[in-house]
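Engineer: Mind having a look at this structure? Questions to follow.
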Amino acid sequence: MATSKNSSNGRKNSGKDGSGATIWATDPGDLLLVGPTFDLSSLDRAATPGWTGDDDAADAFRLQRGELLSEMQERLFAQARAGGGTRSVLLVVQGLDTAGKGGIIRHVAGLMDPQGLALRSFGAPTAEELRHHYLWRVRRSLPTPGKVGIFDRSHYEDVLVVRVNHLADVDWDKRFDEINRFEKQVVDGGTVIVKVALMVSREEQGLRLMERLDRPDKNWKFNPGDVDTRSKWDDYQAAYQVMLVNTSTHYAPWHVIPADNKWYARVAVTELLAQALASLELTWPTVPWQVEDQKRRLAATMDPATLVKAAESAATEAEEVHEETAAHADDVREVNELAAVDANGGASPEVAWGDDVAQEDTVAATAEGDQPASGGQPAPAAEAQSGGKGKKKDRKKGKSGKK
């Protein structure tokens, strides 16, 4: 197992807690993966798959992994800014009210540098957005090279809220295919997509909503519409089931996170995001100028005493950088090794995802305005929003982005 630097520059085994006990017994990326036979109704939403520690160990591990996340994010950002890098990462967070989406943003995204993040929360579409295809606002919000993008809800609202509330007449199979093609284009453009669905139980959701009503400091989080949505629980579960199995592809798979324990959801998403960044095997960019030439130019502007201080500092920092670089490589290797092992201890098998694998090479990438609308016929941008113009007005009443 590898190690990760802590705040005192000491070393810890990043796969174990302070006592040396193993934390992730199995790769959560494998345990939480949605495959063709996934059954949401059988999910134990209070479970903690693969985790062998308690909540305190999870918080400690998440913070420790956060140091690795932070450095990988900085390398991603540096490559785009100084090295012409084209890669990015997109974390899509879906879930019903109280599932913990905000906590993921605070406790996972909060581990990274805000300047390297691109956060987008998708609420009910605006009047301008309704004039466009439903993917228009999503494409405009994709992370640019070097960024880690986070979607708080997403384009999947258009196969969840729209479906449950009958806001548009849609051929759902065609819409799922359209989303899969869109995500394939995004991945082919250099973005790694991590999709997580936070699944809270009906009982736990009721408790969390009641807490928002009981506590004055949380009243602002409650919306009377939450109860209306809760009354459609079975419909939403059915919509999630169909959506998950139809849009979990080998290039953009879904991971379903049991979310009754907030601490587990946070540590699991942290690990999935770490795996996404580690898979890029990021290095510091090579600069287009000669370091020694620039050092000589800078030295000419400094007095002798300051140059001595600089030389002393360089000698110390060189050793620290060497150690930290080696430790970072070990940490990345550990994350990748865990991700490469399935629940049975062997190499992760190829998952049969269905028709998307066979079709991906034959589907032509098209601009959004040229993509078929829900009925399967090409439509102008003004009519391409979910279901065409017949029910656009009704969609304004949707609750697609509410916390």
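The values are calculated or read from the model by the stated rules, or taken from the named source; none is laboratory data. Keep in mind the model is a prediction, meaning the values are calculated, not measured. Cβ: placed from backbone, ideal geometry, glycine included. Neighbour counts: every protein chain shown.
Engineer: Among the residues of the stretch 1-58, which ones are of a type in the set (Gly, Ala, Ser), modelled with pLDDT of 55 or more and part of a loop (DSSP other than H, G, I, E, B)? Break it down into steps so the answer makes sense when it comes.
Structural biologist: Of the residues in the stretch 1-58, the ones of a type in the set (Gly, Ala, Ser) are 2, 4, 7-8, 10, 14-15, 18-21, 25, 29, 35, 41-42, 46-47, 50, 53, 57-58.
Imposing the further condition that a residue be modelled with pLDDT of 55 or more reduces the set to 25, 29, 35, 41-42, 46-47, 50, 53, 57-58.
Those that are of a type in the set (Gly, Ala, Ser), modelled with pLDDT of 55 or more and part of a loop (DSSP other than H, G, I, E, B): 25, 35, 46, 47, 50, 53.
Engineer: Look through the stretch 256-285, keep the residues that are of a type in the set (D, E, K, R) and either at pLDDT 95 or above or not in a loop (DSSP other than H, G, I, E, B) (or both), and return whichever of them is nearest to residue 68 (Cα to Cα).
Structural biologist: Here the residue is 271.
Engineer: Where the second residue is assigned to a helix (DSSP H, G or I) and of a type in the set (Gly, Ala, Ser) and the first is in contact (Cβ under 8 Å) with a residue 60 or more places away in the chain and under 22 Å from residue 64 (Cα atoms) and lies in the stretch 313-331, which pairs have Cβ atoms under 9 Å and are six or more apart or on separate chains?
Structural biologist: 331/274; 331/278
Engineer: Given 305, 352, which one is more than 24 Å from residue 65 (Cβ to Cβ), at pLDDT below 80 and loosely packed, with under 11 Cβ neighbours inside 10 Å?
Structural biologist: 352
Each row is one residue, and each column tells you yes or no for (1) surrounded by fewer than 20 Cβ atoms within 10 Å (Cβ to Cβ); (2) on the phi > 0 side of the Ramachandran plot; (3) touching a helix residue (DSSP H, G or I) at 6+ places or on another chain (Cβ under 6 Å).
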{"site": "74", "(1), (2), (3)": "yes, no, no"}
{"site": "84", "(1), (2), (3)": "yes, yes, no"}
{"site": "104", "(1), (2), (3)": "no, no, yes"}
{"site": "110", "(1), (2), (3)": "yes, no, no"}
{"site": "125", "(1), (2), (3)": "no, no, no"}
{"site": "137", "(1), (2), (3)": "yes, no, yes"}
{"site": "148", "(1), (2), (3)": "no, no, yes"}
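Engineer: Could you please find all residues in the stretch 187-207 being closer than 23 Å to residue 255 by Cα, not small (Gly, Ala, Ser) and not in a strand (DSSP E or B)? Working first, answer last.
Structural biologist: Going residue by residue through the stretch 187-207, those that are closer than 23 Å to residue 255 by Cα are 187-205.
Now drop any that are not not small (Gly, Ala, Ser), which leaves 187-188, 191-196, 198-200, 202-205.
Scanning the stretch 187-207 gives 187, 188, 200, 202, 203, 204, 205.
Engineer: Which of the residues that make up the stretch 150-167 are in contact with a helix residue (DSSP H, G or I) (Cβ under 8 Å, 6 or more places away or on another chain), part of a helix (DSSP H, G or I) and among the acidic types (Asp, Glu)?
Structural biologist: 158
Engineer: Now for a different question. Being modelled with pLDDT of 95 or more and under 19 Å from residue 107 (Cβ atoms) is the filter here, so list the residues in the stretch 219-255 that pass it.
Structural biologist: Hit for the stretch 219-255 is 255, nothing else.
Engineer: Next question, about the same structure. From 184, 174, grab the single residue that is exposed (fewer than 15 other Cβ atoms within 10 Å of the Cβ), in contact (Cβ under 8 Å) with a residue 24 or more places away in the chain and assigned to a helix (DSSP H, G or I).
Structural biologist: Values: 184 fails: exposed (fewer than 15 other Cβ atoms within 10 Å of the Cβ).
Every option except 174 fails the conditions.
Engineer: Could you list, ordered by first residue, the pairs with Cβ atoms under 9 Å in which the first is in the stretch 72-90 and closer than 28 Å to residue 254 by Cα and at pLDDT below 95 and the second is buried (at least 17 other Cβ atoms within 10 Å of the Cβ) and of a type in the set (Phe, Trp, Tyr), at least 6 apart or interchain?
Structural biologist: 85/77
Engineer: Of the residues in the stretch 208-231, how many are assigned to a helix (DSSP H, G or I) and not charged (D, E, K, R)?
Structural biologist: Of the residues in that region, 9 qualify.
Engineer: Is it the case that the stretch 102-115 has a residue that's in a loop (DSSP other than H, G, I, E, B), more than 25 Å from residue 222 (Cα to Cα) and of a type in the set (S, T, N, Q)?
Structural biologist: The initial filter retains those residues of the stretch 102-115 that are in a loop (DSSP other than H, G, I, E, B), namely 108, 112-113.
Next cut, more than 25 Å from residue 222 (Cα to Cα) only: 112-113.
If we keep only those that are of a type in the set (S, T, N, Q) as well, we get none.
No - not one qualifying residue is present in the stretch 102-115.
Engineer: Of all residues in the stretch 156-171, which are within 24 Å of the chain's Cα centre (by Cα) and not hydroxyl-bearing (Ser, Thr, Tyr)? Steps first, answer last, please.
Structural biologist: Going through the stretch 156-171, the residues within 24 Å of the chain's Cα centre (by Cα) turn out to be 156-163.
Passing the criteria: 157, 158, 159, 160, 161, 162, 163.
Engineer: Please go through (1) part of a helix (DSSP H, G or I); (2) out of contact with any strand residue (DSSP E or B) (no Cβ under 7 Å at 6 or more places or on another chain) for residue 327 and return the number of the only condition it doesn't satisfy.
Structural biologist: So residue 327 meets the others, but not (2).
Engineer: Check the stretch 209-224 and report whether any residue there is of a type outside the set (Lys, Arg), surrounded by 15 or more Cβ atoms within 10 Å (Cβ to Cβ), over 19 Å from the mean Cα position of the chain (by Cα) and under 18 Å from residue 45 (Cα atoms).
Structural biologist: yes
Engineer: Residues in the stretch 187-211 that are more than 23 Å from residue 35 (Cβ to Cβ) and either in contact (Cβ under 8 Å) with a residue 12 or more places away in the chain or of a type outside the set (D, E, K, R) (or both): how many?
Structural biologist: 10
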